[in-house]
Amino acid sequence: MKLTEEYEDLRKTVEAFARDVVAPVIGDLYEREEFPYDIVRQMGQMGLFGLPIPEEYGGMGGDYFALCLALEELARVDSSVSITVEAAVSLGAMPIYRFGTAEQRAQWLPKLTTGAMLGAFGLTEPGGGSDVPGGMRTTAVLDGGEWVINGSKAFITNSGTDITGVVGVAAITGRRADGRPEISTILVPAGTPGFTVAKKYSKVGWNCSDTRELSFTDCRVPGENLLGERGRGYAQFLQTLDEGRIAIAALSVGLAQGCVDECLRYVRDRQAFGHPIGHYQAIQFKIADMEVRTHTARLAYYHAAEKMLAGEPFKKEAAIAKLVSSNAAMDNARDATQIFGGYGFMNEYPVGRFYRDAKILEIGEGTSEVQRMLIARQLGLGDL
């Protein structure tokens, strides 16, 4: 797929920003596990947080593929910066745009699309994992026109920064006739009494992103903070994740490409046995395999995005893209670390960060096992 001039201009702009602004400072920020507020501010000024949102809400009036291109270019340098944008847009702003009332859109989107405020999505729970409806324990009960929320959420991105403004919380709001939980999404502003944000996790990777556990104790918000229809929260979540998987695939491709980029630079300079190590076929073949994985994964997410933008079913294609791309990121990070040898184990080199960051891509927004399950179902195997 050849990018249009508009897409290519965006890609080049973000590529230059990642190279000239992010790359020089991200290593130190990563080591200090510091959230990159200045980078976020500049990305907001560029309009990256509003790429797929219409201009009437402060967005750029682009589409989801434009967001994916930006995520890929950011992740070529650092995927914890990229996931900050992905989660803020896909999980924070997009559900409000897709399912929110006119009042909710007007209240939240102008700040979310400029990066002045970050949104988060509270779905995963400490004992839930992939079994969202079966593992959900958070409840919300209407009392005097207010939702009273009790429960906890785990691994929530962008939930505790100084500029976090709102969290969409999935909660059980009743029981259906067959006994299944009725799940709804409720918008909870930061700072609401009864809403507690834990200290940030100590993570293996993504050290510049904000990830925390949330708890709710008799947390009250107005009844009109219900996002979309009551009882449609799980369906909203599934649609949100289908789109989000394409975004995570793009991010994964960026990490995979970053591994190729770093290795190509390194093997031209590193000498062994009288030659640059890129002279040796063992290294050449390893990098060739890395390039094949990256290219294939990029085609997969391009195809899924194309179907989504055309209004065609894309659940299978999104799962394929996410599975292939996260595998490519993990495999490329491992091979890049091997090519760098001892230096690959040092945090001062980007491939060390890439290796630490890659594993979560096979877990977050649907594990690799869940992607295989979805693909099998789309092939008609789920009812056998």
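The values are calculated or read from the model by the stated rules, or taken from the named source; none is laboratory data. Because the structure is predicted, anything quoted here is derived from the model rather than measured. Methodologically, a virtual Cβ is constructed for each residue, glycine included, from the backbone with ideal geometry; neighbour enumeration extends over all protein chains shown.
Each row is one residue, and each column tells you yes or no for (1) under 26 Å from residue 63 (Cβ atoms); (2) at pLDDT below 95; (3) hydrophobic (A, V, I, L, M, F, W, C); (4) touching a helix residue (DSSP H, G or I) at 6+ places or on another chain (Cβ under 6 Å).
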residue	(1), (2), (3), (4)
218	no, no, no, no
236	yes, yes, no, yes
251	yes, no, yes, yes
259	no, no, yes, yes
283	no, no, yes, yes
295	yes, no, no, no
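Identify all residues within the range 175-188 that are in contact with a helix residue (DSSP H, G or I) (Cβ under 8 Å, 6 or more places away or on another chain) and closer than 28 Å to residue 107 by Cα; write none if there are none. Steps first, answer last, please.
So the first thing to find is which residues in the range 175-188 are in contact with a helix residue (DSSP H, G or I) (Cβ under 8 Å, 6 or more places away or on another chain), and the list is 180-181, 183-188.
Passing the criteria: 183, 184, 185, 186, 187, 188.
Being surrounded by fewer than 14 Cβ atoms within 10 Å (Cβ to Cβ) and not hydrophobic (A, V, I, L, M, F, W, C), is that true of even one residue in the range 155-168? It would help to see each step written out before you state the result.
Let us first name the residues in the range 155-168 that are surrounded by fewer than 14 Cβ atoms within 10 Å (Cβ to Cβ), namely 162.
Retained after the next criterion (residues that are not hydrophobic (A, V, I, L, M, F, W, C)): 162.
Taking every residue of the range 155-168 in turn, at least one turns out to be surrounded by fewer than 14 Cβ atoms within 10 Å (Cβ to Cβ) and not hydrophobic (A, V, I, L, M, F, W, C).
Of these, 212, 230, 245, 180, which one is within 30 Å of residue 311 (Cβ to Cβ) and buried (at least 19 other Cβ atoms within 10 Å of the Cβ)? Write out each step before concluding.
Working: 212 fails: within 30 Å of residue 311 (Cβ to Cβ); 230 fails: buried (at least 19 other Cβ atoms within 10 Å of the Cβ); 180 fails: buried (at least 19 other Cβ atoms within 10 Å of the Cβ).
Residue meeting the stated conditions: 245.
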Pair list, Cβ < 8 Å and 6+ apart or interchain, from the range 257-275 residues that are under 14 Å from residue 351 (Cβ atoms) to residues that are hydroxyl-bearing (Ser, Thr, Tyr) and not in a helix (DSSP H, G or I): 262/349
Among the residues of the range 164-219, which ones are within 27 Å of residue 252 (Cα to Cα), assigned to a strand (DSSP E or B) and acidic (Asp, Glu)? 213
When the residues of the range 359-384 are narrowed to those that are under 23 Å from residue 121 (Cβ atoms) and among the small types (Gly, Ala, Ser), which ends up nearest to the chain's Cα centre (by Cα)? 364
Of the conditions (1) in a loop (DSSP other than H, G, I, E, B); (2) within 27 Å of residue 199 (Cα to Cα), residue 61 clears all except one; give me its number. (2)
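Yes/no per residue for (1) crowded, with 18+ Cβ neighbours inside 10 Å; (2) in contact with a Lys or Arg (Cβ under 8 Å, 6 or more places away or on another chain); (3) within 30 Å of residue 296 (Cβ to Cβ):
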position: 8; (1), (2), (3): no, no, yes
position: 16; (1), (2), (3): no, no, yes
position: 24; (1), (2), (3): no, no, no
position: 28; (1), (2), (3): no, no, no
position: 31; (1), (2), (3): no, no, no
position: 36; (1), (2), (3): yes, no, no
position: 44; (1), (2), (3): yes, no, no
position: 48; (1), (2), (3): yes, no, yes
position: 52; (1), (2), (3): yes, no, yes
Please list, ordered by first then second residue, the pairs with beta carbon atoms under 9 Å, 6 or more apart or interchain, first in the range 60-73 and within 15 Å of residue 322 (Cβ to Cβ), second at pLDDT below 95 and of a type in the set (D, E, K, R). 64/243
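Kindly check whether there is at least one residue in the range 13-24 that is of a type in the set (S, T, N, Q) and assigned to a helix (DSSP H, G or I).
Yes, there is a match, as at least one residue in the range 13-24 is of a type in the set (S, T, N, Q) and assigned to a helix (DSSP H, G or I).
Take residues that are loosely packed, with under 14 Cβ neighbours inside 10 Å and without any contact (Cβ under 8 Å) to a residue 60 or more places away in the chain and tell me which of the helices (runs of 4 or more DSSP H) falling wholly in the range 276-384 contain 1 or more. Give the steps one after another, and end with the answer.
Working: elements: 281-309, 315-340, 350-358, 368-378.
The helices (runs of 4 or more DSSP H) meeting that bar are 281-309, 368-378.
Quick one: in the range 108-155, of everything that is at positive phi and in a strand (DSSP E or B), which residue is farthest from the chain's Cα centre (by Cα)? Quick ask: steps written out before the conclusion?
Filtering the range 108-155 down to residues at positive phi leaves 115, 129, 144-145, 151, 155.
From what is left, the residues that are in a strand (DSSP E or B) are 151, 155.
Values: 151: 24, 155: 12 Å.
Taking the candidates together, the pick is 151.
Tally the residues that are of a type in the set (A, V, I, L, M, F, W, C) and either surrounded by fewer than 16 Cβ atoms within 10 Å (Cβ to Cβ) or on the phi > 0 side of the Ramachandran plot (or both), restricting the search to the range 254-272. Can you show your working first?
In the first step, residues of the range 254-272 are kept if they are of a type in the set (A, V, I, L, M, F, W, C); the result is 255-256, 259-260, 263-264, 267, 272.
Subsequent filtering for residues that are either surrounded by fewer than 16 Cβ atoms within 10 Å (Cβ to Cβ) or on the phi > 0 side of the Ramachandran plot (or both) retains 264, 272.
Selection size over the range 254-272: 2.
Suppose the filter is of a type in the set (Asp, Glu) and on the phi > 0 side of the Ramachandran plot; does residue 365 pass it?
Details: of a type in the set (Asp, Glu): yes; on the phi > 0 side of the Ramachandran plot: yes.
Yes; evaluated as a whole, the condition is true for this residue.
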